[in-house]
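Below you'll find the structure, written out as structure tokens, and then a few comments.
The values are calculated or read from the model by the stated rules, or taken from the named source; none is laboratory data. Small disclaimer: the values here were computed from a predicted structure and weren't measured. Quick reminder, even Gly has a Cβ in these numbers, built from the backbone with ideal geometry, and neighbours come from all protein chains shown.
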Amino acid sequence: MTDDEFRELLDRHGGDLERWPRLKLRDARQLLARSVAAQAMLDEMVAIELALSDPADAPPPGLADRIFEQAFGKGMKDAGAQDATAAPRRLM
């Protein structure tokens, strides 16, 4: 396995090697034993995943609704709710 192949698998499967396909895991571990670059890529991925998994960094509840209302006005939200209960319109 090359460093580039390792990077692709890391991007696809993440920093927890136990979640990787078993057929690739042995080659990945062999590469990690000899490649400082692969070790650095894994360290970086694990750090990113840990930072993203911190629940304190989660957006507050209702943020998307507040952004939508700010951008399009409250009337758009109410109109959308009414349209969702109305019968579908035919285009022809």
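Name the residues in the stretch 18-27 that are without any contact (Cβ under 8 Å) to a residue 24 or more places away in the chain and of a type outside the set (Phe, Trp, Tyr), would you?
The answer is Glu18, Arg19, Pro21, Arg22, Leu23, Lys24, Leu25, Arg26.
Mind checking which residues of the stretch 18-46 are part of a loop (DSSP other than H, G, I, E, B) and among the small types (Gly, Ala, Ser)?
If the condition is that a residue be part of a loop (DSSP other than H, G, I, E, B) and among the small types (Gly, Ala, Ser), then Ser35 is the only one that fits.
Of all residues in the stretch 47-92, how many are of a type in the set (D, E, K, R), at pLDDT below 75 and either assigned to a helix (DSSP H, G or I) or under 29 Å from the mean Cα position of the chain (by Cα) (or both)?
Summing the residues that are of a type in the set (D, E, K, R), at pLDDT below 75 and either assigned to a helix (DSSP H, G or I) or under 29 Å from the mean Cα position of the chain (by Cα) (or both) in the stretch 47-92 gives 6.
Mind checking which residues of the stretch 15-44 are surrounded by 16 or more Cβ atoms within 10 Å (Cβ to Cβ) and small (Gly, Ala, Ser)?
Answer for the stretch 15-44, where residues must be surrounded by 16 or more Cβ atoms within 10 Å (Cβ to Cβ) and small (Gly, Ala, Ser): Gly15, Ala28, Ser35, Ala38.
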